[in-house]
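Okay, so here's the structure we're looking at.
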Amino acid sequence: MTDAEAARERVIDGFERSAEIYGLNRSYGRLYGILYFAHEPLSLDELADESGFAKSTVSTGMKELERFHMVHRRSVSGEGKKAFFEPERDFWHILKQFLDREVRREIDTMARALDDAEAALEAAVDAGEDDRAARDLEHVRDLQQVYARSEAFVNLVTRAPSDRLRSAFEQFADFVRR
């Protein structure tokens, strides 16, 4: 193995470990890493050959990586309906898409649950049910504030251009280093 191949393999191994940290299969990290270093889009067959994984594993991996906006399906002229994949290399874009789709869905789910709970607890407090209802109502309202702030943060990040996010992050990093 050449030094360049060893260096690529270290990065691909890092992608594998990162996938595992986020609860994904390590194979997804390997597939992303292979695409990251590819000079052109790769087909499922090429990814299976390069990774040593079964084509079904590669297909499942590409679906998950597409869901997380880490890869894009492409068609290649002269290849018919064969699917090819290329990586998203703008990690700010990936982060924004993850926040916009996955985190926003969790925020919406919790906001509805908290609103329903607030209404029920207000009715329980008004009916004089018990002291616990008042304490629970307080906890629910605290969580509503947390989720409202979270939604504001997600809105801020997902609507900002990537270059502005990058700049803001760099300024923050400079501030922290001081």
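If the condition is being part of a helix (DSSP H, G or I) and open to solvent by 50 Å² or more (accessible area, probe 1.4 Å), then segment 1-12 contributes Asp3, Ala4, Glu5, Arg8, Glu9, Arg10, Val11.
Of the numbered criteria (1) more than 18 Å from Phe91 (Cα to Cα); (2) open to solvent by less than 60 Å² (accessible area, probe 1.4 Å), the one Thr158 fails is (1). Restricting attention to segment 76-96, and to residues there that are assigned to a helix (DSSP H, G or I) and touching a helix residue (DSSP H, G or I) at 6+ places or on another chain (Cβ under 8 Å), which single residue is nearest to Ser27 (Cα to Cα)? The selected residue is Leu95. Pairs meeting the criteria (first residue in segment 94-106 and among the basic types (Lys, Arg), second residue assigned to a helix (DSSP H, G or I), beta carbons under 8 Å, at least 6 apart or on different chains) are Lys96/Val157; Lys96/Thr158; Lys96/Ser162; Lys96/Leu165; Arg104/Glu151; Arg104/Val154; Arg104/Thr158. Of all residues in segment 105-118, at least one satisfies being closer than 27 Å to Leu35 by Cβ and under 28 Å from the mean Cα position of the chain (by Cα).
Counting just the residues of segment 137-147 that are out of contact with any helix residue (DSSP H, G or I) (no Cβ under 8 Å at 6 or more places or on another chain) and within 30 Å of Gln97 (Cβ to Cβ), which one comes out most open to solvent (accessible area, probe 1.4 Å)? Taking the candidates together, the pick is Gln145.
Of the residues that sit in segment 85-110 and are in contact with a strand residue (DSSP E or B) (Cβ under 9 Å, 6 or more places away or on another chain) and of a type outside the set (A, V, I, L, M, F, W, C), which one is most open to solvent (accessible area, probe 1.4 Å)? For segment 85-110, the residue satisfying everything is Glu86.
Residues of segment 31-75 that are out of contact with any Lys or Arg (no Cβ under 7 Å at 6 or more places or on another chain) and part of a loop (DSSP other than H, G, I, E, B): Ala38, His39, Glu40, Gly52, Phe53, Ala54, Phe68, His69, Met70, Ser75.
Quick check on segment 42-58. Is at least one of its residues among the basic types (Lys, Arg) and closer than 30 Å to Asp163 by Cβ? No, every residue in segment 42-58 fails to be among the basic types (Lys, Arg) and closer than 30 Å to Asp163 by Cβ.
Only one of these is open to solvent by 40 Å² or more (accessible area, probe 1.4 Å), in a helix (DSSP H, G or I) and at pLDDT below 95: Ala134, Ala113, Ala119. Name it. That would be Ala134, the only listed residue that is open to solvent by 40 Å² or more (accessible area, probe 1.4 Å), in a helix (DSSP H, G or I) and at pLDDT below 95. For segment 21-74, residues that are surrounded by fewer than 14 Cβ atoms within 10 Å (Cβ to Cβ) and β-branched (Val, Ile, Thr) total 1.
Just one of the numbered conditions (1) touching a residue at least 24 places away in the same chain (Cβ under 8 Å); (2) in a helix (DSSP H, G or I); (3) over 22 Å from Ser75 (Cβ atoms) is not true of Leu24: (2).
The values are calculated or read from the model by the stated rules, or taken from the named source; none is laboratory data. It should be emphasised that the depicted structure is a prediction, and the values quoted were computed from it without experimental measurement. Neighbour counts are summed over all protein chains in view; Cβ atoms, including those assigned to glycine, are modelled from backbone coordinates with ideal geometry. The protein model used for the area step is the full one, side chains on, heavy atoms only, and it has no ligands, DNA or RNA in it. Shrake-Rupley method; radii C 1.70, N 1.55, O 1.52, S 1.80 Å.
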